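Comments concern the structure below.
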Amino acid sequence: MAATSPYPHLFAPLDLGFTTLKNRVLMGSMHTGLEDGRRHFAAMAAFFAERARGGVGLIVTGGYAPNIEGWAKPFAGTLGTSGAARRHRVVTDAVHAEGGKIALQILHTGRYGYQPLCVAPSRIQSPISPFAPRELTSAGVERQIRAFVRCAKLAREAGYDGVEVMGSEGYLINQFLVTHTNQRTDAWGGAYENRMRLPVEIVQRVREAVGRDFIIVYRLSMLDLIPDGSSWDEAVTLAVAVERAGATIINTGIGWHEARIPTIATSVPRGAFAWVTQKMRKALRARGLLIPLVTSNRINMPEVAEAILAEGCADLVSMARPLLADAEFVNKAHAGRRDEINTCIACNQACLDHTFQARLATCLVNPRAGHETERALRLTPVPMTRRKRVAVVGAGPAGLAAATALAERGHEVHLFEAASEIGGQFNMARRIPGKEEFGETLRYYARRLGLTGVQLHLSRRVAAPELIAGGFDEVVLASGVRPRDPQIAGSDGANVLSYVDVLLHGRAVGARVAIVGAGGIGFDVAEFLVTAPGHSPTLNLHAWLTEWGVADPASVRGGVVRAQPAPAARQVTLLQRKPGKLGKGLGKTTGWIHRAALQMKQVEMIGGVNYERITPQGLFVTYGEQRRDGQLIECDTVVLCAGQEPLRELFAPLRAAGVKTHLIGGADEAAELDAKRAIDQGTRLAAAL
């Protein structure tokens, strides 16, 4: 083991027999959009090369379909011809030039395909696609197997060190394994021995086609998290079979995409599913099988990975989004620079949400991710003759990004913050149960301020005359927002608080609460108020598993039981002016989690209201344009979460004095707090000055 490293298990080499991985970090597969079409190969090469240079032991690409029937969407990334394989050479050559290894994931979406050519074991439409799949004939099943084999051979031709066969998350192979989606009566259905034929045949024939000196990772669904999913005995039986068929490594898959249990969101505890991989590892070791196992999901810091490996939960750890957040994660950990890691906060806002919007994935805390070739995000050093003296006002996410990026380039930067600590709105966000990870971003920026030489002025509310007299070449206003006053009669009463009062100043809140506004902040405040202090399930794995109904797959098929949420700490009513479902503007891939969490706590959600007045007894509302059906929402406290207004009073006097002034973050646009836009704006501005 790497005895000089603070993480000896993480940095122990792994001998696969025909090749050796330099450490136990596998960069897990994630779809970035760079896989789709021919125009992104140079960008993809730069993206993966940067992670290889950052020290990753083995990289796995985003999924590539083996044929058009396996497309995730029309014209999605496909590897089916020698011409396509030649185009991949720029990627594999770039990774190998940096001393890395890379495997191509073969992904057949089956009934999850968002396209009319999708196929499946049975004609059963998935809840996440509008297209009913065509049921495969026996000859059609054979055709899919041959497509997997051809794709693997082409991957080797393209220079890849291996392939990952995607057999989990509810995609085609997974669909063959369970009776929920496989109702066939031929040799590919019925008994489990028949249903598991597809993955075994694929692995066996791929191994025969590529030879012994080629990595085959099989991603096995160990915990389906759907009713009537695979039993534990079935999962173990399949693991044994794919090892004997020729798999080099078994990776852990958790949950089908249609499962109603979060698996990678920020509210999921760190390393929440390592116990599942450990259970499989013990089962295989008891049978004398030493195949390396990878564990995955919410492993975002080196100490988490080290503990998982040290406890024998797995032989490797898979980290995907953490390597979006920081391409140098592995090198920093190896060098003992843990405090410099830009941690993945699992927000999903720029990665998964972008993917489901058909946009290139990137990262909220690292906007360069996926855009490594974009000139507008390059932080190139400035020559001495072009160095500027820059003032940044506001140390929220936008100001922190701008100040540190400007200083990294060589500018002299003064960062002014009226509060006694950095962070801005993140200081409230990190207090929300399930969003504790946001504190890691502030830890990262606090360290980066020192490393880049930013001169930080806390508890300093700077005025325009001071900035004008300060001799600054440029001023960046990242001064943030203030809560918007919704102008409700009685809103100045003693029973009325703003979200800032509640989250930042810790003002006392009664047992019955009405929340005005159901945007992101309204949902956050609701989650804060229904959770008893110190009882965030994110920080207690057992409590989280119980709250969401995750069970031992050895005791219940699929590993899912009835959720048992803890009692709500308060009675909360969440209201909005707009009619319709609350939370429609929340994240594409996380909004359902927030709604489900509040529903489990019996939060009442009401849309289409008019806020008439607040009295000591509560909030009086009416409904619709006719202001009908007046109702008193009886409560002890009303919390206002009715939007924000930009704080930019410095802008006009600075511009009038001829000072070059820029607006970023909430000071620029406060319609909805958006840290993704704020950090991106700050970084791009710094790259341009």
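The values are calculated or read from the model by the stated rules, or taken from the named source; none is laboratory data. A quick note: this is a predicted structure, and the numbers were derived from the prediction, not measured. Don't worry about glycine lacking a Cβ; one is built from the backbone with ideal geometry, like all the others, and counts go over all protein chains shown. SASA here: full protein model, heavy atoms, side chains in, ligands and nucleic acids out. Shrake-Rupley method; radii C 1.70, N 1.55, O 1.52, S 1.80 Å.
Between LEU58, LEU34, the distinction of being in contact (Cβ under 8 Å) with a residue 60 or more places away in the chain, at negative phi, in contact with a Leu (Cβ under 6 Å, 6 or more places away or on another chain) and open to solvent by less than 40 Å² (accessible area, probe 1.4 Å) belongs to LEU58 only.
Just checking, which of PHE75, PHE18, PHE41 is among the aromatic types (Phe, Trp, Tyr), under 30 Å from ARG134 (Cβ atoms) and surrounded by fewer than 19 Cβ atoms within 10 Å (Cβ to Cβ)?
Checking each option against the conditions leaves just PHE75.
Tell me, yes or no, whether segment 434-457 has at least one residue that is part of a strand (DSSP E or B), open to solvent by 30 Å² or more (accessible area, probe 1.4 Å), of a type in the set (Gly, Ala, Ser) and modelled with pLDDT of 95 or more.
No.
Residues are listed down the side, and each one gets a yes or a no for (1) in a helix (DSSP H, G or I); (2) buried (at least 21 other Cβ atoms within 10 Å of the Cβ); (3) touching a residue at least 40 places away in the same chain (Cβ under 8 Å); (4) touching a Pro at 6+ places or on another chain (Cβ under 8 Å):
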position	(1), (2), (3), (4)
GLU169	no, yes, yes, no
ASN174	yes, yes, yes, no
THR181	no, yes, yes, yes
GLY190	no, no, no, no
VAL203	yes, yes, yes, no
ILE216	no, yes, yes, no
SER230	no, yes, yes, yes
VAL236	yes, yes, yes, no
VAL240	yes, no, yes, no
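Taken over segment 655-667, the residue count meeting the criterion of being outside any strand (DSSP E or B), open to solvent by 10 Å² or more (accessible area, probe 1.4 Å) and touching a residue at least 24 places away in the same chain (Cβ under 8 Å) is 3.
Count of segment 20-76 residues, restricted to those that are in a loop (DSSP other than H, G, I, E, B) and not hydrophobic (A, V, I, L, M, F, W, C), is 21. Considering every residue within segment 139-147, establish whether at least one is open to solvent by less than 10 Å² (accessible area, probe 1.4 Å), modelled with pLDDT of 95 or more, under 14 Å from SER122 (Cα atoms) and in a loop (DSSP other than H, G, I, E, B). No, every residue in segment 139-147 fails to be open to solvent by less than 10 Å² (accessible area, probe 1.4 Å), modelled with pLDDT of 95 or more, under 14 Å from SER122 (Cα atoms) and in a loop (DSSP other than H, G, I, E, B). Checking every residue in segment 603-618 against the condition of being open to solvent by less than 60 Å² (accessible area, probe 1.4 Å), in contact (Cβ under 8 Å) with a residue 60 or more places away in the chain, assigned to a helix (DSSP H, G or I) and among the charged types (D, E, K, R) gives zero matches. Candidates are the residues of segment 668-683 that are within 22 Å of ALA518 (Cα to Cα) and hydrophobic (A, V, I, L, M, F, W, C); the one that is surrounded by the fewest Cβ atoms within 10 Å (Cβ to Cβ) is ALA671. A count restricted to segment 448-466 and to residues that are in contact with a helix residue (DSSP H, G or I) (Cβ under 7 Å, 6 or more places away or on another chain) and more than 10 Å from THR404 (Cα to Cα) stands at 2.
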